[in-house]
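Structure record follows, encoded as structure tokens.
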Amino acid sequence: MKRNSLPVSDLAEADVRRRALDALCRKLDGKAAAAKTARRKRAAFNEVLNTAVEKGYFTENPLNGLRRNAPAVNEEVDPAAVPNPAQVARLLVAVAQQCGRGPHREGFFGCMYYAAMRPAEVIHLRLEQCHLPETGWGTLNLSGGVVTAGKEWTDDDAVHEVHSLKRRAATATRPVPIPPQFVRILRAHIERLGVAPDGGLFRNQAGTYVDPAAYGMTWARARTYVLTRMELASGLASGPTI
């Protein structure tokens, strides 16, 4: 590492800093990385330099005052990729009809559509967070999400970690109203499949947290079953992400 690294003091040179930022915008194969990826890496690099300031290597962050245009990030959602209610209903039916964990996934994906939840939040959802009346609207009181960190990066060698809500305080919660049709789906899910010992609504066959690869495969099959060739080509209802 020492042989292939520049001295920290070289970051005092503007050209070196620009080369570093240019490298953060590239993947290992040299191709341009996604704009969001580049910005995330720059933020991490900035924090490293803040630490260098604290350690006395610099009097101020070397990135301060460096003139450079950051890659533009497209935050817009392609309307062609957003399914309408009828298409979502077809997809959820196709999920529920799959063998194995298919019936278990109907409510899982319903959470993403009807409650706009992230997959990590769905995995974390427990019965105590659900207000599911027999009639009318219900509420899901979200309190965090489960992410796959890898046992090499956790203090207790666990594969998963429970995090607070994204961009919220550690103890913050977020109530989300859900429509009557989804209340019925969740009530049926609990009645038919029960919950985990800790109250979790969604688990894999081994009783542990749902794996992204598993639910991604279920969704991909559902898209293939019910969407037309044109709808598939348009990217409609593309796979959910964490």
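The values are calculated or read from the model by the stated rules, or taken from the named source; none is laboratory data. Small disclaimer: the values here were computed from a predicted structure and weren't measured. The area values use the complete protein model at the heavy-atom level, side chains included, leaving out ligands, DNA and RNA. Shrake-Rupley method; radii C 1.70, N 1.55, O 1.52, S 1.80 Å.
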Report, largest value first, the span of the C-alpha coordinates of the range 73-164 along each principal axis, in whole Å. 45, 41, 29
Give the total of Lys-Lys pairs in the chain with Cα-Cα distances below 21 Å; include a pair only if its members are 8 or more places apart or on different chains. 6
Keeping all protein chains in position, work out how much accessible area ASP15 exposes to a 1.4 Å probe, and write it in Å² to the nearest 10. 100
The range 118-229: C-alpha gyration tensor shape, a/c 1.5 cut-off, then a/b vs b/c: oblate
Once both axes come from the Cα atoms, what is the angle between helix 14-24 and the longest principal axis of the chain, in degrees from 0 to 90, rounded to 10? 20
Folded to 0 to 90 degrees: helix 35-54 orientation relative to the chain principal axis, Cα: 50
Taking only protein heavy atoms and a 1.4 Å probe, the highest-to-lowest accessible-area order of THR37, THR224, THR51, THR218 is THR224, THR51, THR37, THR218
Just the number, please: carbon plus sulfur as a percent of the accessible area of the chain, 1.4 Å probe, no ligands or DNA/RNA counted. 53
Could you state how much accessible area ARG221 has, in square angstrom rounded to the nearest 10, with a 1.4 Å probe and all protein chains kept in place? 100
Taking the convex hull of the Cα atoms, report for the chain its projected area averaged over all directions, in nm². 17.6
With an 8 Å Cα cut-off and a minimum separation of 6 or more residues, compute the relative contact order for the chain in percent. 18
Once you keep just the Cα pairs under 8 angstrom separated by 6 or more residues, what percentage relative contact order results for the range 116-207? 32
Run the helix sum for the chain: -39,500 (n - 2.57) per DSSP H stretch of 4+ residues, divided by residue count, reported at 222 nm to the nearest 500 deg cm²/dmol. -12500 deg cm²/dmol
Please arrange SER143, SER9 by accessible surface area, largest first, computed with a 1.4 Å probe and ligands excluded. SER9, SER143
How big is D for the range 144-183, in µm² s⁻¹ as a whole number, if Stokes-Einstein is applied with the Kirkwood radius of its Cα pairs at 37 °C and 0.692 mPa s? 269
